[in-house]
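The values are calculated or read from the model by the stated rules, or taken from the named source; none is laboratory data. The shown structure was predicted, so the numbers you read here are calculated from the model rather than taken from an experiment. Note that each Cβ is placed from the backbone with ideal geometry, even for glycine, and that neighbours are counted across all protein chains shown. The protein model used for the area step is the full one, side chains on, heavy atoms only, and it has no ligands, DNA or RNA in it. Shrake-Rupley method; radii C 1.70, N 1.55, O 1.52, S 1.80 Å.
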Amino acid sequence: MSFEYFIGGRYLRAKQKETFLSLITFLSVAGVAIGVMALIVVIAVMTGFEADLKSRILGVESHVVLMRHGEPFSDYQSVSKYVNKFEGVAAATPFIYSQVMLRTSSGVAGVVLRGIDPQSAGRVIKILESDFLQNLDKMHKEKGMTASMPGIILGQELSRSLGVVVGDVVALISSRGMLSPVGYLPAMKRFKVAGIFEAGMYEYDSSLAYVHLQDAQKILRMSDSVTGIEVRVNDIYQAKKIAEKIVAGLGFPYWARDWMQMNHNLFSALKLEKTVMFIILALIVLVAAFNIASTLIMMVMGKTKDIAILKAMGSTDKSIRKIFIFKGMIIGSVGTGMGICLGIFLCKILEKYKFIELPGDVYYITTLPVRLEALDVFLIAAAAIVICFLATLYPAHQASKLNPAEAIRYG
């Protein structure tokens with residue numbers, strides 16, 4: 001052990017007459033620990049919110065949407081087979097997107113209608129249970145042989161506003177109707193509710209309705225064309241690259257968007273909020289760093305003679321700086337370590353017991369989602385250590401600039 005570290009360690013163990021200085025040191029350690037703990041817990045909760053929101057959105061939406069400019073997308077079957085051959089693609093399914101109205105005896109609602117292929121949609125749209133898709137396919141096939149109606153799958157909130165349950169009948173009204181002697185007539189068809197899904201987000205549960213692809217083509221008068229193809233990939237963070245490869249292979253007039261582009265504003269806002277919270281809570285560590293600086297300044301004033309003697313014995317300015325930087329870094333490191341342990345402990349408690357409840361009518365979840373990322377913990381610890389290191393520079397520099405003769409005479 002070099003003498004700088006030995007002396008720095010001795011200075012950490014304050015004598016009885018330096019109790020006040022020891023108290024300031026303790027408060028400095030506690031300040032850093034509380035700041036780091038608060039940062040870890042808040043960032044873990046915000047990461048949990050982001051991950052939970054992402055999983056809910058990607059349960060309804062696909063990772064990549066492939067569409068076509070201008071002319072109808074009628075060659076979707078061959079394109080789907082082509083897309084499925086790409087490395088990293090898990091599944092692909094055609095879809096139709098349109099806005100329609102649903103009417104029941106209890107009310108009327110404007111909804112987003114999505115025509116899907118029950119055979120392949122389940123591998124892309126994760127919120128649709130296999131039973132619902134089987135019912136949808138079965139009802140579509142039976143309507144041609146009997147007088148039964150085609151099926152429709154509704155969101156939970158939508159079914160409540162319309163006052164229907166599984167087995168009830170709804171009337172679907174589309175603006176893509178036909179001209180008649182009395183004027184323009186909207187297309188209307190009756191559907192039977194085949195299932196009710198719950199995405200966990202009000203925007204989806206209150207506005208989405210799914211029907212068989214061929215039923216959507218018929219009522220929307222789209223012949224054998226679709227709106228586009230939805231693609232699910234194995235790695236969601238490779239979705240953009242895969243989308244670019246697909247478009248490059250197909251060429252114009254095809255184009256694609258990945259899930260990050262479709263939800264860019266939402267995830268950008270979450271990222272900005274997380275960054276701002278990190279900066280705000282880092283101020284707690286900064287305040288603790290000022291305590292470290294104050295502790296070192298007071299120690300420099302109290303150890304003036306010691307510093308003078310060390311310099312008279314041949315210690316360099318660099319050695320004196322090392323002594324006080326070492327003391328400050330020990331305080332910062334201990335506080336950071338304690339804060340990390342307390343933060344991880346609190347996160348595990350919140351994750352296991354869920355004792356903080358959120359109002360269900362305000363938030364889409366009722367408990368705090370906690371997700372602790374190793375990278376977040378590392379960045380928080382690194383930021384705390386850097387702040388504490390910067391706080392030691394000025395006192396250490398002042399100590400190294402002391403004149404030994406003046407210090408011994410007036411110290």
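So the values come out like this:
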read-out: Carbon/sulfur fraction of accessible area - the chain, other protein chains in place, 1.4 Å, %; value: 60
read-out: Between helix 3-12 and the chain: long-axis angle, C-alpha atoms, 0 to 90°, nearest 10; value: 80
read-out: Area of residue 206 that stays accessible when all protein chains are in place (1.4 Å probe, Å², to 10); value: 30
read-out: Charge dipole magnitude, Cβ of K and R +1, D and E -1 - the chain, Cα centre, debye nearest 20; value: 1200
read-out: Measure of compaction for the chain (Cα Rg per 2.2 N^0.38 Å); value: 1.52
read-out: Surface per residue (accessible, 1.4 Å probe) for the range 290-329, Å²; value: 47
read-out: Computed FRET value (nearest 0.05) for residue 169 with residue 274, which takes r as the C-beta separation and R₀ as 30 Å; value: 0.05
read-out: FRET efficiency, 1/(1 + (r/R0)^6) with R0 25 Å, evaluated for residue 156 and residue 190 via beta carbons; value: 0.70
read-out: Ratio of the Cα radius of gyration of the range 267-326 to 2.2 N^0.38 Å, where N counts its residues; value: 1.84
read-out: Mean Cβ count within 10 Å, highest first, over the residues of peptides 45-55, 329-339; value: 329-339, 45-55
read-out: Among the listed pairs 240/354; 241/271; 81/241; 54/192; 81/189, those beyond 25 Å (Cα-Cα); value: 240/354; 54/192; 81/189
read-out: Degrees, to the nearest 10: 239-250 long Cα axis against longest axis of the chain; value: 40
read-out: Net length gained if the chain between residue 235 and residue 317 were fully extended (0.36 nm per residue, minus Cα distance); value: 24.1 nm
read-out: The chain: angle of helix 264-302 to the longest principal axis, Cα-based, in degrees nearest 10; value: 10
read-out: Under 20 Å from residue 322, Cα to Cα: lysines that are on another chain or at least 8 residues apart; value: 303, 305, 311, 401
